[in-house]
1. Residues of the range 289-305 being part of a loop (DSSP other than H, G, I, E, B), closer than 16 Å to Y262 by Cβ and in contact with a strand residue (DSSP E or B) (Cβ under 7 Å, 6 or more places away or on another chain), which ones?
2. Only one residue in I186, I135 is in contact with a Leu (Cβ under 7 Å, 6 or more places away or on another chain), modelled with pLDDT of 85 or more, within 22 Å of N252 (Cβ to Cβ) and β-branched (V, I, T). Which one?
3. If we scan the range 174-182, do we find a residue that is within 20 Å of V238 (Cα to Cα), in contact with a Cys (Cβ under 6 Å, 6 or more places away or on another chain), modelled with pLDDT of 85 or more and surrounded by 12 or more Cβ atoms within 10 Å (Cβ to Cβ)?
4. Name the single residue that is surrounded by the most Cβ atoms within 10 Å (Cβ to Cβ) among those in the range 66-118 being of a type in the set (K, R) and farther than 30 Å from K259 by Cα.
5. Which of (1) surrounded by fewer than 17 Cβ atoms within 10 Å (Cβ to Cβ); (2) within 30 Å of the chain's Cα centre (by Cα) is the odd one out, the single condition K223 does not satisfy?
6. Hey, does the range 152-167 have a residue that's under 25 Å from K259 (Cβ atoms), assigned by TED's automatic domain parsing to the domain that holds V238 and modelled with pLDDT of 85 or more?
7. Being closer than 19 Å to E140 by Cβ and in a loop (DSSP other than H, G, I, E, B), is that true of even one residue in the range 272-288?
8. Take Y103 and decide whether it is more than 26 Å from I58 (Cβ to Cβ), touching a residue at least 24 places away in the same chain (Cβ under 8 Å) and aromatic (F, W, Y).
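The values are calculated or read from the model by the stated rules, or taken from the named source; none is laboratory data. Because the structure is a prediction, the values reported are computed rather than measured. With ideal geometry, Cβ positions are generated from the backbone for all residues, glycine too; neighbour counts draw on all protein chains shown.
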Amino acid sequence: MACPRHAHDYTLITTNPFKIKMITAKKSNQAVMQTISAPNAGGSVTSGWAISALVAAILFVPLVPLACAMVALRRIRRAQGRIHGRGLAIAALIIGAIQLVAYVLVVILSPFVQRMNRAKDLAYTTQDLKLLGQIMSDFERDWGTFPSRRIGVDNPDSFMTMLNGDDANYYLNMLIAGGYTQSADIFRRHDLQRLPDGRVEPWNDLREPGSCQFGYVMLSAGKAMSNSSGAGRPLLVVSLAYGARGRNPAFNLQRFDGKGVYLLNDLSVHQSCIDHDTCKMFLPNGTRTLFETGPSTVWGDDIPDVKPPR
């Protein structure tokens, strides 16, 4: 092979398309080995790392788009034109960065949003208890006592005989069955799904588990309280710990960030703190718990019996 410009003769000693080695023979018969780089004979290819980065970004896989995109850009830069896909890698890098920022914001703001939601739930529940206080007052005025099984026994022809059970759902269902409220939503948790239209089915609306959030407080032996039972006694409480019932139940610390809310039998509504060690709720004065008994307490010689929601 001859070079017409420099009058050199070249002898091809390899067929490697990327690197061709030739012997240059000068007229003085001195041979010099030269290495000449040749372009890719097969054409450039798209970076698999760039494709993977874009796919991961589209699928919202955290951090993977950033890692794959950076690897792709580094390999494309070193390939000197034999590999392309820089635009795909940059797009994946931008999308991945946006996703990372959004993820960090969610992690940082999520506790604050949850706390705001719990505070809103507490405010709505407090409002519901105030409305229930008026409803319970109307019921007590008509029947002489708050909801009790004894009402059905003493009035066999009344609607109360159609109800049955021994939990808060059973007793509070008397308010619906007696027509004292037209909305079942007042009994439900605000942080859970509620009835779309607020309508009630008088005989069974509170029979389903989760349809009521309140614990109903009675006295031992199934005796119901009244306005004259002694001032300052809890009548409805929120939120009991799962499975808690009886004379001194525990409360849920998480729902309201260590707080609880209750309706007293004088129809006043209060929010109070829950002890983190015992999970018992304090009375408004903060010195005794709701169901602490004894001569110097609001219960005197009586024993409370808390009926949990179903």
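1. Here is the first cut: in the range 289-305, the ones part of a loop (DSSP other than H, G, I, E, B) are 290-293, 295-299, 301-303.
If we keep only those that are closer than 16 Å to Y262 by Cβ too, we end up with 290-292, 297-299.
Answer for the range 289-305, where residues must be part of a loop (DSSP other than H, G, I, E, B), closer than 16 Å to Y262 by Cβ and in contact with a strand residue (DSSP E or B) (Cβ under 7 Å, 6 or more places away or on another chain): L290, F291.
2. I186
3. If we filter the range 174-182 for residues that are within 20 Å of V238 (Cα to Cα), which is where we start, we get 174-176, 181.
Then drop every residue that is not in contact with a Cys (Cβ under 6 Å, 6 or more places away or on another chain), which leaves none.
Scanning the range 174-182, I find no residue that is within 20 Å of V238 (Cα to Cα), in contact with a Cys (Cβ under 6 Å, 6 or more places away or on another chain), modelled with pLDDT of 85 or more and surrounded by 12 or more Cβ atoms within 10 Å (Cβ to Cβ), so the answer is no.
4. R75
5. Result: K223 fails condition (2) only.
6. Kept after step one, since they are under 25 Å from K259 (Cβ atoms), are these residues of the range 152-167: 167.
Among the residues that remain, those that are also assigned by TED's automatic domain parsing to the domain that holds V238 are: 167.
Filter again for modelled with pLDDT of 85 or more, leaving 167.
Yes.
7. Quick first cut of the range 272-288, residues closer than 19 Å to E140 by Cβ only: none.
Looking through the range 272-288, none of the residues is closer than 19 Å to E140 by Cβ and in a loop (DSSP other than H, G, I, E, B).
8. Numbers: more than 26 Å from I58 (Cβ to Cβ): no; touching a residue at least 24 places away in the same chain (Cβ under 8 Å): yes; aromatic (F, W, Y): yes.
When the stated conditions are applied, Y103 does not pass them.
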